[in-house]
1. All but one of (1) part of a loop (DSSP other than H, G, I, E, B); (2) within 52 Å of the chain's Cα centre (by Cα) hold for residue 112; state the number of the condition that does not hold.
2. Are any of the residues in region 116-131 in contact with a helix residue (DSSP H, G or I) (Cβ under 6 Å, 6 or more places away or on another chain), farther than 30 Å from residue 21 by Cβ and in contact (Cβ under 8 Å) with a residue 12 or more places away in the chain?
3. Checking the conditions here, which among 44, 52 is closer than 30 Å to residue 144 by Cα, surrounded by 19 or more Cβ atoms within 10 Å (Cβ to Cβ) and modelled with pLDDT of 90 or more?
4. Would you mention how many residues in region 44-75 are touching a residue at least 40 places away in the same chain (Cβ under 8 Å) and not in a helix (DSSP H, G or I)?
5. Exposed (fewer than 15 other Cβ atoms within 10 Å of the Cβ), assigned to a helix (DSSP H, G or I) and either touching a residue at least 24 places away in the same chain (Cβ under 8 Å) or touching a strand residue (DSSP E or B) at 6+ places or on another chain (Cβ under 6 Å) (or both) - does that describe any residue in region 88-100?
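The values are calculated or read from the model by the stated rules, or taken from the named source; none is laboratory data. No experiment lies behind these values; they were computed from the predicted model shown. Here the Cβ is made from the backbone with ideal geometry for all residues, glycine too, and neighbour counts use every protein chain on show.
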């Protein structure tokens, strides 16, 4: 018995977690309650079942409610029998009952049974309150689910943002053992060939000295004429 109740609770929980709206869930509970209270084996139960499966209500919630109220209905016959007996025996309704009994298929509803009629009337009276109560419960359930889903989404976004920030920060920091890169100026200075001025002595020439007006002791050769590379000299 406990295991069966646990399974029914799991089914109800899965029905509440479905994509249906709270109104569809509440309508399913209300129709399931009506189906559970009414005795089976008549057209009233068949008609209520057609409403459950032919409309856009949550069928799982309706079936669970029908099973739950069927267990309770066995103990409510003492309350529904007086209601049905009072309606069937009322003098002002005798003509109505006779006319309905002559309509085709209506006798198969078993409305002349005091328990069937009393249970159907009691179920109709409880449909609106059960719908309102179920609607409030399922609305709260739906709002809690939305809040949890939103909180989980925000936390996931924060985790992703923190991960991205950490990866960016770790990628921008240089390694401790990295050596500074050589710039183009330092590279050019390292490969630039050294130049020397070579003083070449020339014999004194009176003509050159007289033309220049001074005595030329040495001539500085330009650095481009100096060759230090053995392969280039060859």
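1. (2)
2. Within region 116-131 (the criterion being in contact with a helix residue (DSSP H, G or I) (Cβ under 6 Å, 6 or more places away or on another chain), farther than 30 Å from residue 21 by Cβ and in contact (Cβ under 8 Å) with a residue 12 or more places away in the chain), the answer is yes, since at least one residue qualifies.
3. Result: 52 is the single residue among 44, 52 that is closer than 30 Å to residue 144 by Cα, surrounded by 19 or more Cβ atoms within 10 Å (Cβ to Cβ) and modelled with pLDDT of 90 or more.
4. Number of matching residues: 1.
5. No, because not a single residue in region 88-100 is exposed (fewer than 15 other Cβ atoms within 10 Å of the Cβ), assigned to a helix (DSSP H, G or I) and either touching a residue at least 24 places away in the same chain (Cβ under 8 Å) or touching a strand residue (DSSP E or B) at 6+ places or on another chain (Cβ under 6 Å) (or both).
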